[in-house]
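Enquirer: Below you will find the structure I want to go over with you.
The values are calculated or read from the model by the stated rules, or taken from the named source; none is laboratory data. If you're wondering where the values come from, they're calculated on a predicted model, not measured in any experiment. Using ideal geometry, Cβ is built from the backbone for each residue, glycine included, and neighbour counts are taken over all protein chains shown. Please note that ligands, DNA and RNA were not included when accessible areas were found on the heavy atoms of the full protein model with its side chains. Shrake-Rupley method; radii C 1.70, N 1.55, O 1.52, S 1.80 Å.
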Amino acid sequence: MDGETVRIGGHLEDYRSLGGVAFALIRDGSGTSQVTLKKGASDPALFDLFASLPRESVVSVEGTVARSTKANRGVELLPTGVEVLSRSETPLPLGVVDKVPAELDTRFNHRVIDLRKPEVRGVFVLRSALLAGLRRALGDLGFLEVETPKILRQGAEGGATLFALDYFDTRAFLAQSPQLYKQMLMSAGFERVFEIAPAFRAEPSDTVRHLTEFTSLDAEMAYIDGAETVREVLETVVLAALRHATDHLAVRYPELAERLKPPPHPFPRVTFADCEAKLGRPGSGRDLGTEEEKRIGEWMREERGAPYYFITDYPTSVKAQTFYAQRSDSDPSLTGYFDLELDGTEIASGGPREHRLDHLDVNLRSAGLDPGAFASYREAFRFGMPPHGGFGFGVDRLVQKIAGLPNIREARLFPRDRYRLEP
Ligand code: ATP
Ligand code: MG
C-alpha cells in the first residue's frame, strides 16, 4: 500500500516526541500501527494535538502509507489529518502496556481496559476459534445444534448448587445443565444433538476451575454400544476441533495456533479402580480429590506422555446422585461413566444413560428423589426411549488449559463467581 492514502481508527497507545520526529502508536483490531510526524513535513498543529491527548483516547488518523524498515509492521503512516473521536480520562485505572502485571481483581474491575491488551484479546480469539472448531466437528458427525430452556422448575444435579429465582408467583431455578432436556430429545427421535450454552452453578467454593456461570458443551446420542461409543465421539470431537481451530488461526495468529498442536491419541483409558490403586486407596469408592486428580495427571504425563486421558468405569458409589447414569447390569457397583481429563483437571464427564424407566425409578429413589417430581422427564421414557449416552464438557476449562491460564476466570470476558457480579 506504499503511497496510498488511508484512514485508521484506534486507541492512542503511546506518543513519544524526540524533537525533530514524533511517534504515535495507534492500536486497532488488527494490531498497533506507527504514525510518524516529522518536523517540516507534518502539520505543526498535529504535534500539539497528540501531545495534549491522554493515552487510550480514540482517534481517526488520515495519511499516506510509507514503507519503513523501522516500524513494527514494516509500514508507517505519515498523517495529514487527525480527528479526536473520544478523549480518555486520566489517570487510567489500569495500564494497557505496563510491564508490571496487575492484580487479577484490578484487571476484572476494569475489564474493558484489560481486554485491550493484545495477549488478553488473544485468549478470546483462541476461544472463538475453538468454539467454531467444536461446532464444526460435531456438525460433521451429524449432531444437530439445539437450545434448551435455562429457566427450570427443577435441576438435574445436586440441589445444593441450584440458583433459585422469583418467577412471577412461583419459584424457578437456573439450569445447571441441559441434562434432562437433551435426554428428552433422544425420545423425540433427534438421535444426535449438541448444545453450547450457559450453565449456572451456585459453587460456594473459590477455586481456579469453578465459575458460577460457565459455558457447557453438551452432546447426546442414541443407539450407542456402551460407553466406548461416547468416548470415541468425544475424542474425535476434541481432536477435530483442535485441528479446525489451528487452520483458522494459522495465518493471522501463528503463535496461538502453536498452542493447538494435536495431542497424542488415542487418549489413554485408565479405570477409576486403577487410579485408586495408584493412589494407594484401592476400592475406597470415594471420588478423587483435587490433589489426587493432579497426581493422576502427573502419572499419565510421565508414563504415557498423555495430557488428555479418560478415567473410566466410575463406581456407582461416586455417582449415587447421578440417577440418569446407567449402572452396569453385570456389576451394579459400577457405571459406564467416565471423565475426560486434561493434565489433572476434569474437562468433561459422560457415559451411557439409563433408558429403562423401571431402572431409572430405582436410581431416582436411591438418590433420595421422588419420581413423581420428574413427570415430564419420565414421560420421555414411557413412550419409547432408545438407548443413549452423552457428555457434558466445560468450554472454559478447555480454553483455560490450552491458553495456559492459571485461573478459569481469565477464560471469560466478564467472569461470574461467588463474589463478582460486575462488570
Ligand atoms: P467438578 O468435579 O470439577 O466440580 P463436576 O463433575 O461437578 O465438576 P459436571 O457436572 O460433570 O461437573 O459438568 C461437566 C463439565 O462442566 C465438567 O467436566 C467441567 O468441565 C464443567 N464444569 C462443571 N462445573 C463447572 C463450574 N462450576 N465452572 C466451570 N466449569 C464447570
Ligand atoms: Mg463431572
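Enquirer: Out of all the residues in segment 299-319, which are touching a residue at least 40 places away in the same chain (Cβ under 8 Å), open to solvent by 40 Å² or more (accessible area, probe 1.4 Å) and assigned to a loop (DSSP other than H, G, I, E, B)?
Expert: Asp313
Enquirer: Here's something else I'd like to know. Determine which single condition Thr170 fails, assuming it passes every other condition in (1) without any contact (Cβ under 8 Å) to a residue 40 or more places away in the chain; (2) farther than 17 Å from Arg353 by Cβ; (3) buried (at least 16 other Cβ atoms within 10 Å of the Cβ).
Expert: Only one criterion in (1) without any contact (Cβ under 8 Å) to a residue 40 or more places away in the chain; (2) farther than 17 Å from Arg353 by Cβ; (3) buried (at least 16 other Cβ atoms within 10 Å of the Cβ) is unmet by Thr170, namely (3).
Enquirer: Do you know which residues across segment 256-275 are free of Cβ contacts under 8 Å to residues at least 40 places away in the same chain, in contact with a helix residue (DSSP H, G or I) (Cβ under 8 Å, 6 or more places away or on another chain) and assigned to a helix (DSSP H, G or I)?
Expert: Ala257, Cys275
Enquirer: From Pro254, Pro264, Pro198, Pro204, which residue is of a type outside the set (Asp, Glu) and closer than 23 Å to Gly297 by Cα?
Expert: Answer to the check: Pro264.
Enquirer: Restricting attention to segment 276-288, does a residue exist that is in a helix (DSSP H, G or I) and open to solvent by 40 Å² or more (accessible area, probe 1.4 Å)?
Expert: Yes - at least one qualifying residue is present in segment 276-288.
Enquirer: So in segment 143-160, with the set limited to residues that are β-branched (Val, Ile, Thr) and open to solvent by less than 30 Å² (accessible area, probe 1.4 Å), which one is nearest to ligand 1 (Cβ to nearest atom)?
Expert: This residue is Thr148.
Enquirer: Hey, Glu13 hits all of (1) open to solvent by 40 Å² or more (accessible area, probe 1.4 Å); (2) of a type outside the set (S, T, N, Q); (3) closer than 20 Å to Leu92 by Cβ; (4) under 38 Å from the mean Cα position of the chain (by Cα) but one; which does it fall short on?
Expert: Exception for Glu13: condition (1).
Enquirer: Pairs please, first residue from segment 70-81 and not assigned by TED's automatic domain parsing to the domain that holds Ala45, second anywhere and in a loop (DSSP other than H, G, I, E, B) and open to solvent by 30 Å² or more (accessible area, probe 1.4 Å), Cβ atoms under 8 Å, 6+ apart in sequence or on different chains.
Expert: Matching pairs, first to second residue: none at all.
Enquirer: Test Thr236 against the criterion of being assigned by TED's automatic domain parsing to the domain that holds Asp396, open to solvent by 40 Å² or more (accessible area, probe 1.4 Å) and among the polar types (S, T, N, Q), and give yes or no.
Expert: In short, yes.
Enquirer: If only one of Asp140, Asp98 is loosely packed, with under 14 Cβ neighbours inside 10 Å and free of Cβ contacts under 8 Å to residues at least 60 places away in the same chain, which one is it?
Expert: Asp98
Enquirer: What are the residues in segment 188-214 that are within 21 Å of Ile151 (Cα to Cα), touching a strand residue (DSSP E or B) at 6+ places or on another chain (Cβ under 7 Å), within 11 Å of ligand 1 (Cβ to nearest atom) and open to solvent by 20 Å² or more (accessible area, probe 1.4 Å), if any?
Expert: Pro198, Phe200, Glu213, Phe214
Enquirer: Among helices (runs of 4 or more DSSP H) lying entirely in segment 320-423, which contain 3 or more residues that are within 15 Å of ligand 1 (Cβ to nearest atom), open to solvent by less than 50 Å² (accessible area, probe 1.4 Å) and at pLDDT 95 or above?
Expert: In segment 320-423, the matching helices (runs of 4 or more DSSP H) lie at 395-403.
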